[in-house]
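Visitor: Submitted below is the structure of interest, expressed as structure tokens.
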Amino acid sequence: MSLVKWVDFQTLGDERGSLVALEIGQEKAVPFDIQRVYYIYRTASGVSRGYHAHKALKQVAICVAGSCRMVLDDGRTREEIWLDCPTRGLLIDSMVWREMHDFSNDCVLLVLASEHYDESDYIRDYDDFKRLSRDALHSSVS
Ligand code: TYD
């Protein structure tokens, strides 16, 4: 099963341009209650970000301007995808390692998150992530 899961947003467009609205508590496309929104922008040329997974946090990443390349890894498979569409978000589940590369100069990456910021939810070491994801897999099949 692919790690790439898209969330499509309704566009309210007219001759002036496009608009996407996300209503807290009423947003049907996002499969969690949105507790936090943050955005990454003006990423310096050649910089990659991420390099972590979350124990519980789920996120939806929307490239509202420009483009970037996202790598997702669940400990068994690794997939990569370009984000470049403001009406389409990438669902990033818990226990998925993510890396973001090749940010365009104009990239604005908006992220919807299921929880408030909590550093203790991060797994920032790839070997720890592999071990924890293997343990989780074994406990779910035994
Ligand atoms: P981090 O999640 O490591 O960024 P990225 O995955 O994009 O490389 O966050 C960078 C710093 O910002 C880190 O010190 C934690 C802080 N931070 C917050 O305080 N609140 C937040 O909501 C986020 C996402 C990060």
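Visitor: Among the numbered criteria (1) without any contact (Cβ under 8 Å) to a residue 40 or more places away in the chain; (2) away from the ligand (no atom under 16 Å from the Cβ); (3) more than 22 Å from GLU115 (Cβ to Cβ), which one does ILE81 miss?
Guide: Single failed check for ILE81: (1).
Visitor: Now a separate question. Hey, can you tell me all the residues within region 40-56 that are surrounded by 13 or more Cβ atoms within 10 Å (Cβ to Cβ) and not aliphatic (A, V, I, L, M)?
Guide: Matches in region 40-56: TYR41, THR43, SER48, ARG49, GLY50, TYR51, HIS52, HIS54, LYS55.
Visitor: When both residues are 6+ apart or on different chains and their Cβ atoms are under 7 Å apart, which pairs have a first residue that lies in region 117-131 and is outside any helix (DSSP H, G or I), and a second that is within 12 Å of the ligand (Cβ to nearest atom) and among the hydrophobic types (A, V, I, L, M, F, W, C)?
Guide: Once the first residue is outside any helix (DSSP H, G or I) and sits in region 117-131, its partners that are within 12 Å of the ligand (Cβ to nearest atom) and among the hydrophobic types (A, V, I, L, M, F, W, C) give ILE123/ALA53.
Visitor: Hey, another quick one. Tell me which of these LEU90 doesn't satisfy, since it passes every other one: (1) loosely packed, with under 14 Cβ neighbours inside 10 Å; (2) of a type in the set (A, V, I, L, M); (3) within 16 Å of the ligand (Cβ to nearest atom).
Guide: (1)
Visitor: Next question. Pick from ARG69, ARG98, ARG76: which is surrounded by 17 or more Cβ atoms within 10 Å (Cβ to Cβ) and either within 15 Å of the ligand (Cβ to nearest atom) or over 19 Å from THR43 (Cα atoms) (or both)?
Guide: Values: ARG69 fails: surrounded by 17 or more Cβ atoms within 10 Å (Cβ to Cβ); ARG76 fails: surrounded by 17 or more Cβ atoms within 10 Å (Cβ to Cβ).
Matching residue, one of ARG69, ARG98, ARG76: ARG98.
Visitor: When only residues in region 29-39 that are within 14 Å of the ligand (Cβ to nearest atom) and β-branched (Val, Ile, Thr) count, which is surrounded by the most Cβ atoms within 10 Å (Cβ to Cβ)? Break it down stepwise before answering.
Guide: So the first thing to find is which residues in region 29-39 are within 14 Å of the ligand (Cβ to nearest atom), and the list is 34-39.
From the residues that got through so far, the ones that are β-branched (Val, Ile, Thr) too are 34, 37.
Numbers: ILE34: 17, VAL37: 12.
In this case the residue turns out to be ILE34.
Visitor: Separate question: Against the condition near the ligand (Cβ under 10 Å from one of its atoms) and either surrounded by fewer than 14 Cβ atoms within 10 Å (Cβ to Cβ) or closer than 28 Å to GLY17 by Cβ (or both), how does ASP118 come out, does it pass?
Guide: For ASP118, the condition - near the ligand (Cβ under 10 Å from one of its atoms) and either surrounded by fewer than 14 Cβ atoms within 10 Å (Cβ to Cβ) or closer than 28 Å to GLY17 by Cβ (or both) - is met.
Visitor: If I ask for residues that are modelled with pLDDT under 95 and surrounded by 14 or more Cβ atoms within 10 Å (Cβ to Cβ), which ones from region 4-28 would you list?
Guide: Of everything in region 4-28, those that are modelled with pLDDT under 95 and surrounded by 14 or more Cβ atoms within 10 Å (Cβ to Cβ) turn out to be LEU22, GLU27.
Visitor: Given the residues ALA61, ALA113, ALA44, which is the only one that is among the small types (Gly, Ala, Ser) and either more than 11 Å from the ligand (Cβ to nearest atom) or in contact with a helix residue (DSSP H, G or I) (Cβ under 9 Å, 6 or more places away or on another chain) (or both)?
Guide: ALA44
The values are calculated or read from the model by the stated rules, or taken from the named source; none is laboratory data. Note that the coordinates shown come from a computational prediction; the quantities given were computed from them, not determined experimentally. Neighbour counts are summed over all protein chains in view; Cβ atoms, including those assigned to glycine, are modelled from backbone coordinates with ideal geometry.
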